[in-house]
Amino acid sequence: MPVITFANTKGGAGKTTAALILAQELARTGARITILDCDPQHWITHWHEISVSVPNVQVISYVSMANIQTHITENRANTDYFIIDLAGARNTLMATAIGMSDHVMIPIQGCAMDAKGGAQVLELLGYLKEKAGISIAHSVVLTRVNSLVTTRALQVVKTLLSQRNVPVLNTPIIERAAFRDIFDCGGTLQTMDPERVSNLDKARENARAFGDEVRHLVPLRATTSARRAA
Ligand SMILES: Nc1ncnc2c1ncn2[C@@H]1O[C@H](COP(=O)(O)OP(=O)(O)OP(=O)(O)O)[C@@H](O)[C@H]1O
Ligand SMILES: [Mg+2]
């Protein structure tokens, strides 16, 4: 049961949105998801409360340093993927969650290249590797990318990051009304009404590509977090 954590110390980078899209997408394809909501704004907890039924998704709220390990241990048997949504802050919970992760996703707002919060997460990952010999897989995911941004412009950003040896997902998360509205209306991208949400088909397609890429990167198998805890 891999642990995937969304981290960026900068607020508003798109962590919660990307975490929810991934959770829904993995759940849609049959995986059992436990979301650990560490965001003090509790957006995912609220989303879950207003959603009538979301098969394969459970949400644990009020996750703290004191109980995060227990939540993971207690839910191991009923979970295929843990998804951790962190606060936009640099704190000990962030370091603990990252230490338990099989893959850290670092959302960075597309072409703004306002990457300072992401760089702090990358620094921590580098520190863990250098000082403690713990190497944690990670990827930058470009978020809130304007749908008009060309593939070429995106490629420039990706090349810049890979020149600094930062892995970047091929699939950016596009700025879509569906990804924003889902927090207000609850449910999933599949249960949303295409008559009411513009470009819902494109949002679904984007979520699918994102989910496929992450599933490929972090397959269901014996995981480093499980090995580390053993
Ligand atoms: N792909 C997207 N399309 C449309 N709106 C988005 C998208 N990603 C994020 N947003 C919007 O941007 C804002 C910030 O996003 P989000 O809450 O996901 O960021 P965050 O990194 O979790 O923030 P925080 O650090 O405060 O927890 C929200 O209003 C959200 O609806
Ligand atoms: Mg958030």
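Quick note: the coordinates plus some simple rules give every number you see, no bench work behind them. Treat the numbers as computed from the prediction; the structure is a model and nothing was measured. Quick reminder, even Gly has a Cβ in these numbers, built from the backbone with ideal geometry, and neighbours come from all protein chains shown.
Kirkwood radius, the stretch 59-161, all distinct C-alpha pairs, inverse of mean reciprocal distance: 15.5 Å. Pairs of alpha carbons in the chain separated by more than 25 Å make up 35% of all such pairs. As an equivalent ellipsoid, the stretch 1-105 spans semi-axes of 19, 16, 13 angstrom, where each value is the square root of five times an eigenvalue of the C-alpha gyration tensor, largest first.
Taking the chain as a Gaussian network of alpha-carbon nodes connected by springs under 10 Å, the highest mean-square fluctuation of the residues Glu130, Glu213, Glu205 belongs to Glu130. For the stretch 151-156, 3J(HN,Hα) computed residue by residue from phi via the Karplus equation (6.51, -1.76, 1.60; θ = phi - 60°) reads 4, 5, 5, 5, 4, 4 Hz, glycine and proline entered as x. For Asp80, the amide hydrogen comes within under 5 Å of the amide hydrogens of Arg32, Ile33, Thr34, counting only partners 5 or more places away or on other chains and with H modelled in the peptide plane. Residue order for Arg32, Arg144, fewest other beta carbons within 10 angstrom first, comes to Arg32, Arg144.
For Val59, the amide hydrogen comes within under 5 Å of the amide hydrogens of Ile35, counting only partners 5 or more places away or on other chains and with H modelled in the peptide plane.
By the count of neighbouring beta-carbon atoms within 10 Å, fewest first, Lys202, Lys158 end up ordered Lys202, Lys158. Computed about the Cα centre, the dipole magnitude for the chain is approximately 700 debye when only Lys and Arg (+1) and Asp and Glu (-1) carry charge, each at its Cβ. The helix-based estimate of mean residue ellipticity at 222 nm for the chain, built from -39,500 (n - 2.57) per DSSP H run of four or more residues and divided by its residue count, is -13500 deg cm²/dmol to the nearest 500. Remark: the stretch 44-57, residue by residue, has Karplus-estimated 3J(HN,Hα) of 6, 4, 5, 4, 5, 5, 8, 8, 5, 8, 10, x, 6, 10 Hz, where x stands for each Gly or Pro and the curve is 6.51 cos²θ - 1.76 cosθ + 1.60 at θ = phi - 60°.
When you restrict to C-alpha pairs under 8 Å that are six or more residues apart and normalise by the size of the chain, the relative contact order lands at 28 percent. With neighbour counts taken as other beta-carbon atoms within 10 Å, the residues Ile33, Ile68 rank, fewest first, as Ile68, Ile33. For the stretch 13-24, the Karplus equation 6.51 cos²θ - 1.76 cosθ + 1.60, evaluated at θ = phi - 60°, returns couplings of 6, x, 4, 4, 4, 5, 5, 5, 4, 5, 4, 5 Hz by residue, with Gly and Pro reported as x.
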